[in-house]
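Here is the structure we will look at.
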Amino acid sequence: MRENLKIGLFGFGCVGGGLYEILNKSNLLDASIKKICIKDPSKDRSIDSSNFTTNKADLLEDDEINLIVELIDDADAAYEIVVEAFKKGKNVVSANKKLIANHFAELKELSEEYGVSFIYEAAVCGSIPILRNLEEYYNNDAISAVYGICNGTTNYILTRLVNENKSFDEVLKNAQELGFAESDPTLDIEGFDSQFKLQILIAHAFGVIVKPEDILRFGITKIQESDIKFAKEKGLRIRLLSRAEKVDDTITGLVAPHFVDEEDATYGVNNEFNAVTVKGLFADKQLFQGKGAGSYPTGSAVLSDVSAVRYNYKYEWRKIKENSLNFNNDFAVKAYISTTEFLALDGIEFLSVEESFIGLDNSYKVGLITREELLRIAESKANVSVVLFQDPIHDGTALNQKLINIQKN
Ligand SMILES: NC(=O)c1ccc[n+]([C@@H]2O[C@H](COP(=O)([O-])OP(=O)(O)OC[C@H]3O[C@@H](n4cnc5c(N)ncnc54)[C@H](OP(=O)(O)O)[C@@H]3O)[C@@H](O)[C@H]2O)c1
């Protein structure tokens, strides 16, 4: 049955303002925004002040409002709003990856307990319809991997670093001036944003709920000019990938810069674009590509969720309910580790080394390394950059057994 929607909108910034315009300009839906809650009443707005309130109760206590669209930039305040909305029996659409990734299990259970829709397509890769596809189309256990560029800011910076002879700081400053990076870019460039999105992707692709902080994370801040040169010489490009893979009967996930070759679909995904590859056991690789941010692209994903709520759409979370997989943090991957302080390389333990180079300005090693050792590097302050290869991830226990057998023979 189609529901007549009265929307209570939280946030009138980039995405909230975009949704308002799309809804009003397009006439695509017979849904209307009844009230908008914002934070700062003194700001100039593009529409009449009678549309706004700073009191969240004006939306949450209004029985006529049956859908809350949460588009604010404060995950803690968003948590209060969303939980309150569920308790009032209101459906919720959100774009807030930090909120969702940090409270995934709780919000899923609460929305089920109160029998309301809680959907959030725009939270992962903006305009790309990846979550509903993972829920509905890939509604079985045939996915072997999901990986992609989930953050436009870092992809924009990496693209410019390759194309122009500029330092990381120069490119970042320019990205900020052009609106491709926030004034505080930490969440993007240190990989947190990609980590939140991967948490959500893993839940919808494999039915595994993991804490975001349990996903190994490297950002792009330590990438050196020499790393870009190494990539160029080998015909590779560097992409910050959110990557989850089925390894035996477990799921592994990590966020890190990766070398990608011409064969990989992400090789040609440049600037602020996002792309997600879904690898199926039988269908092989399929690529979803599009704008991962921005007022209209993100607003359009929110609009699609609003439209879905009209038909009472809810995620079934079937994979989570039927899941028998665990998240595995005992693994090893092929990595390139480089540093300007060549002595730092001696302290890094590899399981095996394929290539090593010692130079005056920069030294590196390429080889198989455990997640534990990578974590140690991630947590250290050393000036060491890590770029992974797309070679398969090895399960730690199986790999250890193999190494023991080799030593025995
Ligand atoms: N920007 C993108 O392209 C994009 C893409 C995907 C997902 N998202 C997600 O979408 C959400 C919104 O992002 P945005 O870029 O639109 O943010 P934004 O431009 O900074 O706007 C944030 C809005 O939230 C309002 N706000 C903040 N705290 C509030 C509170 N406690 N109560 C009511 N309103 C409050 C602000 O009010 P004032 O106007 O009064 O300051 C502002 O209107 C975030 O979760 C973000 O991660 C954004």
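Read-outs throughout are calculated quantities, based only on the coordinates presented, and are distinct from any laboratory measurement. These figures come from a predicted structure and were not determined experimentally. All Cβ positions, glycine included, derive from the backbone under ideal geometry; neighbour counts span all protein chains shown.
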Rounded to the nearest 0.05, what FRET efficiency do Leu281 and Ser50 have when you use their Cβ-Cβ distance and R0 = 45 Å? 0.20
Please list, in order, the residues from the range 281-308 whose amide nitrogen is less than 19 Å from a point placed 7 Å along the Cα→Cβ vector of Asp62. 303, 306-307
Can you give me the angle between helix 295-310 and the longest principal axis of the chain, using Cα atoms only, in degrees from 0 to 90, rounded to the nearest 10? 60 degrees
Could you work out how far the C-alpha centroid of the range 102-139 sits from that of the range 197-219, in angstrom? 14 Å
Answer in debye to the nearest 20: the dipole magnitude of the chain about its Cα centre, from +1 Lys/Arg and -1 Asp/Glu charges placed on Cβ, is 560 debye
To one decimal place, what orientation-averaged projected area in nm² is obtained for the convex hull of the Cα set of the chain? 21.6 nm²
Out of the GluC sites (Glu not before Pro) in the range 194-291, which ones are loop residues according to DSSP with at most 14 other C-beta atoms within 10 Å? Glu262, Glu263
Check: the range 206-275 dipole with +1 on Lys, Arg Cβ and -1 on Asp, Glu Cβ, in debye: 240 debye
Within the chain, which is the longest segment that contains none of the trypsin sites (Lys or Arg not before Pro) sitting in a DSSP loop with at most 12 other Cβ atoms within 10 Å? 44-233
